[in-house]
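Peer 1: Below is a structure I'd like to ask you about.
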Amino acid sequence: MDLTAVALLVSLISVSLSADNAGGKVQSCADVRQFYSGKGFTLNGVPQSEISGEHLRICPQGYTCCTSAMEDTLSNLSRREFEGLVREAGRSIQASLNAQYRTFDTYFLELLNGSERWLEEAFVASLGDLYRPNAGVFRDLYAELRRYYSGASLNLEEVLDEFWMRLLERLLKASDPETASLLSDDFLECASKQTETLRPFGDAPRELKTKLVRAFIAARAFVQGLNVAGEIVRKVSQVPLSLECNHAIMKLVYCPHCRGLGSIKPCVNYCKNVMKGCLANQADLDTEWQSFIAVTLLNTVASSFGVEPSMDTVIYSIPVRISEAVLAMQENMEIYTSKVFKACGDRGEEGTPSSISEEPKKKGSTVTVLEYKPSPKSAARLEVQVTDVSSKLKEMQFYWIQLPSALCSGKTASSTSSDKCWNGITKASYLPDVMGDGLANQINNPEVEIDITKPDRTIRQQIMLLKIMSNRLKNALNGNDVDFQDTSDDFSGSGSGMCADHLCVRGRPPVFGPKTDRPKLYAHVPENKRVKGSGNQIQPSVILLVLLLATLLLRL
């Protein structure tokens with residue numbers, strides 16, 4: 001065969017190799033240069049026209065407008081932007097939780113302050129000089145209630161018991177100032193022990209404790225729950241992006257620009273697979289998060305705030321019950337004191353019951369029993385409060401599994417079946433199925449390789465914290481006092497050895513999902529089998545021509 005035939009074959013091969021490169025015409029990089037400078041980067045080293053892309057490590061290695069330095073720069077940018085989007089989404093949930101906290105906190109403290117003002121105004125009007133020197137007893141009660149609600153480590157039942165003991169002491173001393181000096185500490189301690197059987201205040205202490213303790217436990221648990229939820233969102237939203245996810249995000253967002261397809265949006269399902277893979281650990285919070293929101297916080301609102309007796313009725317029952325108690329004590333003072341002196345008189349340091357004057361005492365001022373009637377305005381405000389809190393909490397109930405779709409929203413092609421979207425390689429349809437939620441479902445994710453045996457430690461700690469808090473809040477709903485002081489210390493250690501159920505696997509090498517099990521219909525080929533794009537793609541017809549040329553050359 002002569003050289004003319006060989007030259008003809010070489011020409012055919014050259015035409016075939018360049019056929020995929022826009023008819024052999026080199027494309028301009030003007031759009032990429034404009035995009036790149038618009039991001040604030042210098043144009044030094046940015047190609048004027050497409051170059052061969054064998055140097056690319058993340059983007060497809062066809063003809064490209066990106067150098068290695070540009071790929072690294074855009075990869076770092078995509079990481080910062082994605083982590084910023086996740087933090088911003090988390091901040092929006094935190095803001096909502098904080099708003100619910102502030103709204104409820106303002107409402108609750110307004111009720112408590114109003115209750116205290118009402119008590120003081122009523123007692124000053126009815127008791128006058130008898131109230132003023134003893135006003136500290138009542139103010140201290142409200143101060144302790146505020147401290148408890150704010151999270152102080154107090155036993156609320158003990159706070160109420162202490163209040164009644166102090167009130168009893170003041171009333172005993174006020175009933176006969178002349179004998180007040182005879183009431184020693186031992187005598188008063190003895191008198192306090194008689195309250196169980198003598199019940200100087202009637203049923204008021206028991207009735208107040210029953211409703212008040214339950215309401216305050218629920219209120220404190222609710223605001224603590226909102227605070228903990230916000231802190232969990234903050235910590236989880238700050239978990240850094242893994243290297244594999246960084247590459248996947250870069251390929252999704254900026255590799256189209258390197259291929260001259262910057263105006264093409266990513267395919268919907270392609271974006272979802274990237275996001276579900278990169279947010280797989282976060283999605284594992286879903287079960288405990290839903291339980292925490294629905295079973296605990298929403299139940300607290302529904303069962304404690306939105307039923308009778310309403311929150312305002314319970315708070316305003318404090319002055320009502322105290323007025324009932326003082327009146328009962330005044331009406332039964334003579335009978336009560338005689339029984340107490342009979343039981344405790346010999347414990348006085350300065351005298352015995354005979355030392356107490358038996359002359360009739362001049363009756364002092366009598367407290368007026370108060371009655372609270374909720375106004376239509378307060379009832380309407382409470383209804384709005386309950387409705388608003390409930391609706392906002394329901395909105396964030398599925399936050400962690402809705403986050404991938406939320407981040408893809410508006411940034412992807414409008415149709416899942418579109419063949420004019422970026423599929424990770426070129427402008428075409430995306431064929432793989434969308435993965436499920438959570439780490440275990442990512443074993444066959446075609447876009448992000450994830451070691452499902454190595455869950456993120458920070459997120460696993462927050463899942464365990466959600467479980468702990470859910471149990472505490474359930475106890476609070478049952479009326480059991482809960483101490484939240486140690487919540488922040490539950491996972492304050494290094495975290496070594498921390499595993500949630502079966503999710504930590506130790507002593508084995510990383511296990512990745514077998515690539516042979518992945519969906520067969522790919523819009524692109526895995527990295528180790530990827531076909532070169534644009535002018536570097538070798539078609540089957542070209543391979544035959546090369547083999548034919550080799551055969552002819554061997555015959556020469």
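Peer 1: Got a sec to turn the phi values of the stretch 263-276 into Karplus ³J(HN,Hα) couplings, 6.51 cos²θ - 1.76 cosθ + 1.60 with θ = phi - 60°, whole Hz, x for Gly and Pro?
Peer 2: Once rounded to whole Hz, the list reads 7, 8, 7, x, 5, 4, 5, 4, 4, 4, 5, 5, 5, 5.
Peer 1: For A135 and S405 in the same chain, what is the full-extension length gain: residue separation times 0.36 nm, less their Cα-Cα distance, in nm?
Peer 2: Values: separation 270, 0.36 × 270 = 97.20 nm, distance 5.88 nm.
Separation in residues times 0.36 nm, less the Cα-Cα distance, equals 91.3 nm.
Peer 1: Okay, moving on. For the stretch 118-167, count all C-alpha to C-alpha pairs, find those more than 12 Å apart, and express that count as a whole percent of the total. Let's see the in-between values first.
Peer 2: Details: 797 of 1225 pairs.
The calculated P(r) of the stretch 118-167 puts 65 percent of pairs beyond 12 Å.
Peer 1: Let a ≥ b ≥ c be the square roots of the eigenvalues of the Cα gyration tensor of the stretch 241-280; is it rounded (a/c under 1.5), or, if not, prolate (a/b larger than b/c) or oblate?
Peer 2: Note, shape of the stretch 241-280 comes out oblate.
Peer 1: Then there's this: With a 10 Å radius around each residue's Cβ, average the other Cβ atoms per peptide and rank 192-199, 318-325, 42-49, highest first. Display every interim value, and only then the final one.
Peer 2: Details: 192-199: 13.6, 318-325: 22.9, 42-49: 11.6.
Put in order of decreasing packing, that is 318-325, 192-199, 42-49.
Peer 1: Report the extension gain between I51 and E110 in nm, rounded to one decimal, defined as 0.36 nm multiplied by the number of residues separating them, less their alpha carbon distance. Each step should come with its number before you reach the end.
Peer 2: Working: separation 59, 0.36 × 59 = 21.24 nm, distance 6.93 nm.
Between I51 and E110, full extension yields 14.3 nm more.
Peer 1: Now for a different question. Indicate the gyration tensor shape class of the stretch 34-81 (rounded, prolate or oblate), computed on the Cα atoms with a ≥ b ≥ c the square roots of the eigenvalues: a/c under 1.5 is rounded; otherwise a/b larger than b/c is prolate and the rest oblate. Kindly include the intermediate steps, with their values, before the conclusion.
Peer 2: On the way: a/c = 2.27, a/b = 1.22, b/c = 1.87.
Oblate.
Peer 1: Compute the accessible area per residue over the stretch 13-172, keeping the other protein chains in place, probe 1.4 Å, unit Å². Each step should come with its number before you reach the end.
Peer 2: Values: 7560 Å² over 160 residues.
In whole numbers, the stretch 13-172 has 47 Å² accessible per residue.
Peer 1: Report, to the nearest whole %, how much of the accessible area of the stretch 277-335 belongs to carbon and sulfur atoms, 1.4 Å probe, protein only.
Peer 2: Reported share for carbon and sulfur atoms: 50 percent.
Peer 1: Further, regarding this structure: Counting only protein heavy atoms and using a 1.4 Å probe, what share of the accessible area of the stretch 356-467 belongs to carbon plus sulfur, as a whole percent? Provide the component values of the computation, followed by the final result.
Peer 2: Details: 3100 of 6090 Å².
C and S fraction of accessible area: 51 percent.
Peer 1: Once the piece of chain linking E157 and V434 is laid out straight, how much longer is it, given 0.36 nm per residue of separation minus the C-alpha distance between them? Can you show the working numbers first?
Peer 2: Numbers: separation 277, 0.36 × 277 = 99.72 nm, distance 5.46 nm.
Full extension of this stretch gives 94.3 nm more.
Peer 1: How big is Rg to Rh over the stretch 398-446, alpha-carbon atoms, Rh as the Kirkwood inverse-mean-distance radius? If you can, show how the numbers build up before the last one.
Peer 2: Details: Rg = 12.3 Å, Rh = 12.4 Å.
Checking Rg against Rh, the ratio lands at 0.99.
Peer 1: Something else: Given the C-alpha centroids of the stretch 72-148 and the stretch 436-484, what is the distance between them in whole angstrom?
Peer 2: 28 Å
Peer 1: Whole-Å semi-axes of the stretch 41-160's equivalent ellipsoid, largest first, each the root of 5 times a Cα gyration tensor eigenvalue?
Peer 2: Values: eigenvalues 987, 36, 20 Å².
Output for the stretch 41-160: semi-axes of 70, 13, 10 Å.
Peer 1: Classify the stretch 241-336 as rounded, prolate or oblate, taking a ≥ b ≥ c as the square roots of the eigenvalues of its Cα gyration tensor: rounded when a/c is under 1.5, otherwise prolate if a/b is larger than b/c and oblate if not.
Peer 2: Details: a/c = 5.65, a/b = 4.95, b/c = 1.14.
Since a/c reaches 1.5 and a/b is larger than b/c, the shape of the stretch 241-336 is classed as prolate.
The values are calculated or read from the model by the stated rules, or taken from the named source; none is laboratory data. Just so we're clear, the structure is a prediction, and the values are computed from it rather than from any experiment. All Cβ positions, glycine included, derive from the backbone under ideal geometry; neighbour counts span all protein chains shown. Calculation scope for accessible area: heavy atoms of the full protein, side chains included, ligands and nucleic acids excluded. Shrake-Rupley method; radii C 1.70, N 1.55, O 1.52, S 1.80 Å.
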